Amino acid sequence: MKNILDIQVSAFKNVRSKEPQTVYLYDWLVSNEHKTLVETIRNTDDEAKRKSLKENLPAITPSGLFKVRGADQLVSHSGFICIDIDKKPNADLENFPDLKTLIQALDCVAFCAQSVSGDGFYVLIPICNPEKHKEHFKHLQVAFAACGIEIDASCRDVGRLRFASYDEHPYINLEAKKYCGILEDNPLSVNDINSQKGITQKRVEQLIDKIELLDIDITEEYKSWFAIGCSIAKEFGEAGRSYFHRISRIYQGYTTKETDRQYSACLTDKNQHSINTLFWYAQKHNIYVDATRYEFATPIN
């Protein structure tokens, strides 16, 4: 089995170091070399001392190789984004201790383990387009937020450090799927955003974020796939093609060519469904973006 984590990244002696060494990501992640120091940090109540000890830990840049420390010094991207989920901003999550188990259900997660403090988790996710690192991160941020989980915003930095940690039972998935969700800057004008069309677009994007995060195929069969495509086409025209791809991509037999062909057909269909059709099919799989329920036996036109 190919080890997708067997890739080179930069490593630094500590947080003050600027000159990188090269290590293999997988070997660094599973190493127990710093177990004693990490456990000392976790057992130290004094915040200042904890911080001082942590700053002496070695660290890596999991998103790539760098000439020196700095986002503008990237030599090559590793193909991974590393996100942090800390307990403090997620204190209202009653099941926070079980979050690691829940994260394992996401097929885009390649690695998940306890952070240095022991009060949070860090997660490695392979991405489709490393050149769109920040756009992938913004999409992940929105997708997790839709499920009530806040991830550390500073993780958008491609050069962000990840301190060495220790987890007796890290989660490793060497067959993790690449995460393809991308969130570009909103192209709508201020007037559009405040219009009904802008509100609908926001709701559709929130819905697709949830569909992707939960990895649920709402298309089921050809008839529903076509109806969903037509509903998006009627609302957004050509601009909705990327939405249709994001929904279709979850299907195991997905191909770019066939999905493009289908959406082109939807654009010319004379009996296009309204956007409510999309929300109706999502509702069948218990996926909502608000309290609205579509109480009709079949998708409306």
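Worth a mention:
- The residue list 108, 82, 112 contains one member that is in contact with a Cys (Cβ under 7 Å, 6 or more places away or on another chain), of a type outside the set (A, V, I, L, M) and either assigned to a loop (DSSP other than H, G, I, E, B) or touching a residue at least 24 places away in the same chain (Cβ under 8 Å) (or both), which is 82.
- Residue selection: residue 78 fails the criterion of being buried (at least 18 other Cβ atoms within 10 Å of the Cβ), in contact with a helix residue (DSSP H, G or I) (Cβ under 6 Å, 6 or more places away or on another chain) and either in the same structural domain as residue 205 (by TED's automatic domain parsing) or not aliphatic (A, V, I, L, M) (or both).
- Selection of region 97-141 for residues being hydrophobic (A, V, I, L, M, F, W, C), more than 25 Å from residue 32 (Cβ to Cβ) and surrounded by 18 or more Cβ atoms within 10 Å (Cβ to Cβ) yields 106, 108, 127, 137, 140.
- Going through (1) of a type outside the set (Val, Ile, Thr); (2) surrounded by fewer than 16 Cβ atoms within 10 Å (Cβ to Cβ); (3) out of contact with any helix residue (DSSP H, G or I) (no Cβ under 8 Å at 6 or more places or on another chain) one by one, residue 67 falls short only on (3).
- Residue 50 being of a type outside the set (Phe, Trp, Tyr), closer than 29 Å to residue 138 by Cβ, out of contact with any Phe, Trp or Tyr (no Cβ under 6 Å at 6 or more places or on another chain) and buried (at least 17 other Cβ atoms within 10 Å of the Cβ): no
- Filter result for the condition that a residue is over 19 Å from residue 144 (Cα atoms) and surrounded by 15 or more Cβ atoms within 10 Å (Cβ to Cβ), over 227, 239: 227
- Apart from one condition, residue 55 fits all of (1) without any contact (Cβ under 8 Å) to a residue 40 or more places away in the chain; (2) of a type outside the set (A, V, I, L, M, F, W, C); (3) exposed (fewer than 14 other Cβ atoms within 10 Å of the Cβ); the exception is (1).
- Of residues in region 11-51 being hydroxyl-bearing (Ser, Thr, Tyr) and without any contact (Cβ under 8 Å) to a residue 60 or more places away in the chain, the one farthest from residue 177 (Cα to Cα): 44
The values are calculated or read from the model by the stated rules, or taken from the named source; none is laboratory data. Computed from a prediction, not measured in an experiment: that's the story for all the values here. Using ideal geometry, Cβ is built from the backbone for each residue, glycine included, and neighbour counts are taken over all protein chains shown.
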